[in-house]
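Report on one structure; see the data block that follows.
The values are calculated or read from the model by the stated rules, or taken from the named source; none is laboratory data. Since this is a predicted model, take the numbers as computed values, not measurements. Backbone-built Cβ (ideal geometry, glycine too); neighbour counts: all protein chains shown. Ligands, DNA and RNA are excluded from the accessible area calculation, which covers all protein heavy atoms including side chains. Shrake-Rupley method; radii C 1.70, N 1.55, O 1.52, S 1.80 Å.
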Amino acid sequence: MATLSVKPGQRFTVPDWHTNSHLISADAERQRSASHQVRQEARSLRNETNNQAKWDEHDNQTRLTERIGSVNRWKETLDKCLADIDVEIDALTQVKEAAECALQAKNLPLDVSIECLTLRESRRAIDLVRDPVGEELHKEVKVIDKAKRELQQRVHEAFEQLCLLQEARQQLSYDHRCKMEALEIDRMCLSLSVNSPNISFKVNPTRIPDGSTAPDEWERNSQCNREHAEAEMKASTELREATLLTIAQTNNELEAQRVATEFALRKRIRDLDRAYDELKWQEQNTLEEITEMEEDIRRLEEDLRRKMQDLKVAHTRLETRTYRPNMELCRDQVQYGLTDEVHQLEGTIRALKQKLAESQDALDALCRQLYRIQTDIGYKANSLLLDNKCLDSRRKLVVPAEKFVPELDTFNRTTNRALSPPKSRQLELA
């Protein structure tokens, strides 16, 4: 006869089953209520954050636009200021060149006056008198010297003012470049959007970069640059007017004094000869010193190369000894000796490099000095040639060159002609 199998386990009552169903329903209601509350809060938060983000983006777009406008206005101001200062630099450069030409033009009258004084010293006996001609010659030399000093002062002032103008222009140009770069960056920032391909998270983007400035400081910097440039341009304008006035006054004074003067170059020729011989002596000594310095530099370079090879050997020995096995890797006397050798060689190399640099600087200075000497030799040779051609130089100041005819020398019965130019008076720097 078959039997009914009963599944083992706990059995619940019907009330328990109803209670469980009620609990599940209540929990579901509670969870749905909580979920509804979270959904409402999330929607409210989304709306608020979306509005806030849009307004923040709009405000920053507006700020970027205004900032671009401000920087662009200053850029245009700097553009105009740069154009003005370029015009002023060109104008002052032309005036400076005019003053230099006027200064250079005083050399011939001065040479002529010195020649005349020298020639008049050759007078003999009773003819060696202090006449009005001699007084006018000395007066002409003083007038020319005064004119040259004034013109040289104006040239120096113009050069310094050009340096100040260039400095102010560099400041303006640097400020202008910075503003161009800032405009490019801000315009790129203004063009960014969520669809831009080059956006990404950055590390600590809200940090304040080093060297940041306040808006009033930024404004004040550009204003100071502009005011500084305008002040230098005003000073340059005044200097140009003063320089042109000086040129006109010196020309008028020399023209008024020119009619009272006569010949003077022989003393000038002797002075130029002495100066030329001195320069030749200086040139020879400088060439010898350059040769010795070049030899010493070569020896220093050889010693430096040898020390570098010695240092390589010491480095290689130290590095190779690091591969000794186990207890053999000890800091023995060899290790200390090699270490001391490396330090000694490094110090020696530093000293050799420093001395080599000093020697090279000295050689460069000698070469520059040699070039100056050889250039000055050329100047002296040219002046000497001109002085020998100017035995009748007073007539050259009033008679055109094509109409000038040398006078007959009553003592030698020959024409006063210029001497042939000295040979090998100018050496070029090899």
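Using a cut-off of 31 Å between Cα atoms, the listed pairs 96/179; 146/234; 54/80; 75/234; 139/280; 96/139 include 96/179; 54/80; 139/280 as exceeding that distance.
With all protein chains in place and ligands, DNA and RNA left out, the 1.4 Å accessible area ranks 210, 376, 296 as 210, 296, 376, largest first.
Shown is the FRET efficiency for residue 248 and residue 303, computed with R0 = 45 Å from the Cβ-Cβ distance and rounded to the nearest 0.05: 0.10.
The residue 52 and residue 177 beta-carbon pair, evaluated with R₀ = 45 Å, returns a calculated FRET efficiency of approximately 0.75.
Straight Cα distances below 14 angstrom link residue 307 to the aspartates and glutamates 341, 346, with same-chain residues fewer than 8 positions distant left out. Here the 3J(HN,Hα) profile of segment 99-106, calculated from phi with Karplus coefficients 6.51, -1.76 and 1.60 at θ = phi - 60°, is 5, 5, 5, 5, 5, 5, 5, 7 Hz, Gly and Pro shown as x.
Residue 100 exposes around 70 Å² of accessible area when a 1.4 Å probe is run over every protein chain in place. On the beta carbon distance between residue 18 and residue 204, with R0 = 60 Å, the FRET formula returns roughly 0.45.
Within the full protein context, the accessible area of residue 367 is estimated at about 40 Å² for a probe radius of 1.4 Å. Sorted largest first by accessible area at a 1.4 angstrom probe radius, with every protein chain in place, the residues 136, 227 fall in the order 227, 136.
Estimated at 0.36 nm per residue, the fully extended path between residue 100 and residue 334 surpasses their Cα-Cα distance by 77.1 nm. Averaging Cα coordinates gives a centre for segment 310-370 and one for segment 150-171; these two points are 49 Å apart. Length gained on full extension, residue 87 to residue 152: 21.0 nm, using 0.36 nm per residue less the C-alpha separation.
Expressed as a whole percent, the accessible surface of segment 45-112 that belongs to carbon and sulfur atoms is 51, based on a 1.4 Å probe. Protein heavy-atom surface of segment 142-206, 1.4 angstrom probe: 57% of the accessible area is carbon and sulfur, with nucleic acids and ligands not counted. Residue 307 sits with roughly 50 Å² accessible to a 1.4 Å probe, with DNA, RNA and ligands left out of the calculation.
Remark: accessible surface ordering of 159, 12 (largest first) is 12, 159, probe radius 1.4 Å. Available extension along the chain between residue 28 and residue 62 is 7.2 nm, counting 0.36 nm per residue and deducting the alpha carbon span. With the simple spin-label model, which puts each label point 7 Å out from Cα in the Cβ direction, the residue 360 to residue 217 separation comes to 4.0 nm.
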